[in-house]
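Let me begin by presenting the structure, written as structure tokens, before commenting on it.
Every read-out reported here was derived from the displayed coordinates using simple, explicitly stated rules and does not represent laboratory data. Bear in mind the structure is a predicted one, so any value in this text is a computation, not a measurement. When we count neighbours, we look across all protein chains shown, and the Cβ atoms used for this are built from the backbone with ideal geometry, even at glycine.
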Amino acid sequence: MQSATELARSGLPTGMVAVHWRRRRPISWISLAAILVSLFSLLPLAFIIWVAVQTGWETVSALVFRPRVGELLVNTLLLVVLAVPICIVLSVALAWLTERSSLPGARLWAWLSVAPLAIPAFVHSYAWITLVPGLHGLWAGVLVSVVAYFPFLYLPVAAALRRLDPALEDAAAAVGLGPWRVFRRVVLPQLRLAICGGSLLVGLHLLAEYGLYVFIRFDTFTTAIVDQFQSTFNGPAANMLAAVLVTCCFVLLGIEVLVRGEERYARVGSGAARQQQRTRLGRATIPCLALPVVTALLALGVPFVTIGRWLVAGGADVWRLDEIGLALGQTLFLALAGALLATIAAMPMAWISIRAPGPLQRLLEGCNYIVGSLPGVVVALALVTITVRIALPLYQTLFTILVAYALMFLPRALISLRASIAQAPVELERAAASLGRSPLRALWSTTIRLSAPGAAAGMALVALGIMNELTATQMLAPNGTRTLAMAFWAHSGEIDYASAAPYALIMVAMSLPLTWLLYIQSKRMAGR
């Protein structure tokens, strides 16, 4: 610390210099930690590029430009092109009915439109394939994908509708525009950001999903990568398929940026938007009510009825409490440990994104979001190859699987932490430093404690993802690991659907409270 003489020579008040000195060190250390985490998060992407370079252009071209890759590419593109628009139409229609119309039981239907998020996608597929054994191919994939993933679009669209100021719609109606033209020319443009963001989430999930499409025997890049890995143990073909899949992810990100555009729709001035009057449906009530009813039956009724039917058919014998208890304990341990690691890793980046924004911060934050767009199978494949070639003792260890979880779900923790840190006044942190506390103690006693609720929400989101994760866990988990998802997959793979039912029920039961929390949080954001 500077002496009193040096402070006097500086010509500045002693307290000011002391506070300035104390504010510099934590920024540099936290920035260094954020840089290290961001660089580490790029490891899977760097690995894919490195493998392509090491393999050589001739081998790469032979592996990439072949009929099988073309078939997988066509399947994947058709799946995205068909499923995403259907999700958009369904989600916008449901959001308008539950938020803007006089639909009977609107609150109930709004919650039921979010509830399918609690059911893992491969459980949706399990339910449908046991109900309709002949359900296979592209259209089966589109059907199950839509009922499993449309809530990712419904949530942001419904939230956006709640926040819109109806004054713009009133003005459009006053100049003679009919209800449909008002919606198309005034409301729909204001939903662009929500639709683009939700569509991107759905598209990335379609590219990354494995279990759903294995059940219905529909080949995509992800299913082919896992099959290639299991047959040749990470041969060059699996890596090149992963490279094509990563390229598809980046193309999807680019399309979302182009479609989203730079338009912004916001009111200028103070005040709050008044609540929108709900449109009376009149004679259209029954036909409009059919949409949420049918959607709930397909997205919730089929899984719950199927699980219940198999539980009844299996009787008490399927409740092997010792195996279920072991799987539940391992799942909870991995979920909590992975969520804690992801939250700790996201904290430096979340801090500088609020306290020290700038070009470096935007670059580092973008690195963290890039890994979030990569399918779990790509992350797992990279870590498998790295540990086998460079750090063999780390292969299939607890450390490796937790690192994979942290990389895959880092954006979930980052978003929640960033929002909570933004609500913690920086003046408290400065005041703690001026009272003589060390930089870390000042940070801990103010910002970290105030952001604890956001950190807890981020951990819950990460834990939910880990509990339902399948591909990376299968490829990286230590020998003897048997999570709920792995146990479900093992029994269903043996066509023992009755024994798989308890694991499906437990996964859904553990996910439902968090899904309810997401629904409540989306309403609070709109002041409801």
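Over all other residues within a Cβ to Cβ distance under 12 Å of S125, the charged ones net out to 0, with Lys and Arg as +1 and Asp and Glu as -1. Other residues within the sphere of radius under 15 Å centred on the Cβ of Q361, judged by their own Cβ, net out at +2 (K and R +1, D and E -1).
With Cβ to Cβ distances under 14 Å as the rule, what net charge do the other residues near V144 carry (K, R +1; D, E -1)? The answer is 0.
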